[in-house]
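As structure tokens, the structure follows; a few thoughts come after it.
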Amino acid sequence: MLSNVNVNCSPNSYQVAIAPGSLNQIGEYLKKLDIGKQILVVSNTMIFDQYGETVLASLEAANFSVSYQIIPEGERHKTLLSVQKIYDKAFDNYLERSATLVALGGGVIGDMAGFAAATWLRGINVVQVPTSLLAMVDAAIGGKTGVNHPHGKNLIGAFHQPKFVLIDPQVLKTLPHREFCAGMAEVIKYGVIWDADLFEQLEATQQLDHLDYLSPELLQTILTHSCQAKADVVSQDEKEGGLRAILNYGHTVGHAIESLTGYRLVNHGEAVGIGMSVAGKIAVKMGFWSEQESRRQEQLIAKAGLPRTVPHMLTIEDILEALKSDKKVKAGKVRFILPEKIGQATVTDQVSPEIVSEVIQSCQETR
């Protein structure tokens, strides 16, 4: 099975290849690109231990000059200090403007390597090789790169489209259960905001919380539909001037929860699951969509093994304060992405703090 998705961001268009078993052929894929011979692979310890040798061997067999940099695992290490390590390795290996960074890992690695590529020598190539479901369907596509600031997520960054994205679904076999569930949050998101057919296929699947419940054909379909949804939106709005904001569905409250819990208690996908539940209830309260559609979303989130309640230790006041630093704030107003029907969403700044407070209180986890 091979699926190709084109992301049309002229003059920076590129292809996403979804090909089972392709990781050991990465050298051959990259030989077809217009890039130089220098490659710096950026990864974390766990992923590099599993796949580093395969990737390095394939790149070297394709006559690339390869070095690598290992970054600590986890969202809390998504900082300028970690990016500095990439810069140092790039300097030590005399990386030129024709060089390429290869991001081998999940969304954290992809974001940091992408940001380093955007800023080293004012911009070099980056190839995304996502190893988590979340990165495959979201973080690796679209050119958003960046790091966290102590006061908020992804506040420092740049738009820098990859040269190529290579997705090997077989690497998901080694993905921890919790991370697989986290990735399903982004898949559900695409069904809600863009692709009603994808949403219905997810509804027709008995369980979504483990790879074993998905046939190879269904997994390929989920990856292709999700990547195509992201490509469709990004192709129309590369730098989030309007439409692309809908990709942040579930992320407004989700990012606040991640930040307030120090990126340790809940992971990104879990936070998005909670955020979608909150946004869905806000949409019902404001008359954007129906109670029935909200329940359908809730059932999918639960089927994916994701939380739907706000952690009990977070106060409504803290969350409202955290929302003020969200990247989507415009003219002092927090913008929410709210669903209008399955497969369609809108952006609004008309959600009052009172409605947010009321819904969050109804979603608060009991002690």
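The values are calculated or read from the model by the stated rules, or taken from the named source; none is laboratory data. All values reported here derive from a predicted model rather than from experimental measurement. Cβ sites come from the backbone with ideal geometry, for glycine too, and all protein chains shown count toward neighbours.
Among the residues of this structure, Ala139 counts as one that is surrounded by 23 or more Cβ atoms within 10 Å (Cβ to Cβ), small (Gly, Ala, Ser) and either free of Cβ contacts under 8 Å to residues at least 24 places away in the same chain or touching a strand residue (DSSP E or B) at 6+ places or on another chain (Cβ under 8 Å) (or both).
Does region 245-255 include one or more residues that are more than 19 Å from Ala182 (Cβ to Cβ) and in contact with a strand residue (DSSP E or B) (Cβ under 9 Å, 6 or more places away or on another chain)? Checked against the condition, which is being more than 19 Å from Ala182 (Cβ to Cβ) and in contact with a strand residue (DSSP E or B) (Cβ under 9 Å, 6 or more places away or on another chain), region 245-255 yields at least one hit.
Within region 329-367, restricting attention to residues that are at pLDDT below 90, part of a loop (DSSP other than H, G, I, E, B) and among the charged types (D, E, K, R), the residue that is surrounded by the most Cβ atoms within 10 Å (Cβ to Cβ) is Glu365. Of all residues in region 198-253, those satisfying the criterion of being over 22 Å from Leu300 (Cα atoms) and among the polar types (S, T, N, Q) are Ser235, Gln236. For region 182-210, the set of residues classified as of a type in the set (A, V, I, L, M) and either exposed (fewer than 15 other Cβ atoms within 10 Å of the Cβ) or assigned by TED's automatic domain parsing to the domain that holds Pro169 (or both) consists of Ala196, Ala204, listed by residue number.
Take Ser58 and decide whether it is among the hydroxyl-bearing types (Ser, Thr, Tyr) and over 30 Å from Ser215 (Cβ atoms). Here the answer is no, as Ser58 does not meet what is asked. Within region 201-244, the set of residues being in contact with an Asp or Glu (Cβ under 7 Å, 6 or more places away or on another chain) and either more than 19 Å from Ile188 (Cβ to Cβ) or acidic (Asp, Glu) (or both) comprises just one member, Leu243. Of all the residues in region 61-79, those that are of a type in the set (A, V, I, L, M, F, W, C) and in contact (Cβ under 8 Å) with a residue 40 or more places away in the chain number 1. Can you say whether Val147 is more than 17 Å from Gln299 (Cβ to Cβ), crowded, with 17+ Cβ neighbours inside 10 Å, in contact with a Leu (Cβ under 8 Å, 6 or more places away or on another chain) and in the same structural domain as Leu260 (by TED's automatic domain parsing), as far as the supplied structure shows? Criteria not met by Val147. Of all residues in region 208-230, none are touching a Cys at 6+ places or on another chain (Cβ under 7 Å) and within 17 Å of Val347 (Cβ to Cβ).
When the residues of region 124-139 are filtered to those that are under 14 Å from the mean Cα position of the chain (by Cα) and assigned to a strand (DSSP E or B), the one that is nearest to Gly74 (Cα to Cα) is Pro130. Cβ-Cβ contacts under 9 Å between residues 6 or more apart (or on different chains), taken from a first residue in region 330-351 that is farther than 17 Å from Ser294 by Cα to a second residue that is hydroxyl-bearing (Ser, Thr, Tyr), are listed as Val334/Thr252; Arg335/Thr252; Arg335/Thr348.
Is it true that Ala17 is farther than 15 Å from Thr100 by Cα, of a type in the set (A, V, I, L, M, F, W, C), surrounded by 14 or more Cβ atoms within 10 Å (Cβ to Cβ) and over 24 Å from the mean Cα position of the chain (by Cα)? So Ala17 fails the test.
Residue-wise test of (1) free of Cβ contacts under 8 Å to residues at least 60 places away in the same chain; (2) over 14 Å from Val359 (Cα atoms); (3) touching a strand residue (DSSP E or B) at 6+ places or on another chain (Cβ under 9 Å).
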residue: Ser259; (1), (2), (3): no, yes, yes
residue: Leu265; (1), (2), (3): yes, yes, no
residue: Glu270; (1), (2), (3): no, yes, no
residue: Gly273; (1), (2), (3): no, yes, no
residue: Lys281; (1), (2), (3): no, no, no
residue: Gln292; (1), (2), (3): yes, yes, no
residue: Glu298; (1), (2), (3): yes, yes, no
residue: Ala302; (1), (2), (3): yes, yes, no
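Residue-by-condition table, conditions (1) out of contact with any Lys or Arg (no Cβ under 8 Å at 6 or more places or on another chain); (2) farther than 20 Å from Asp111 by Cα:
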site	(1), (2)
Asn4	yes, yes
Tyr14	no, no
Tyr29	yes, yes
Val42	yes, no
Phe48	yes, no
Gly52	yes, no
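Right, Leu166: more than 19 Å from Trp289 (Cβ to Cβ) and either modelled with pLDDT under 95 or assigned by TED's automatic domain parsing to the domain that holds Ala345 (or both) or not? In short, no. Of all the criteria given as (1) of a type in the set (D, E, K, R); (2) assigned to a loop (DSSP other than H, G, I, E, B); (3) under 20 Å from Arg244 (Cβ atoms), the one not satisfied by Arg308 is (3).
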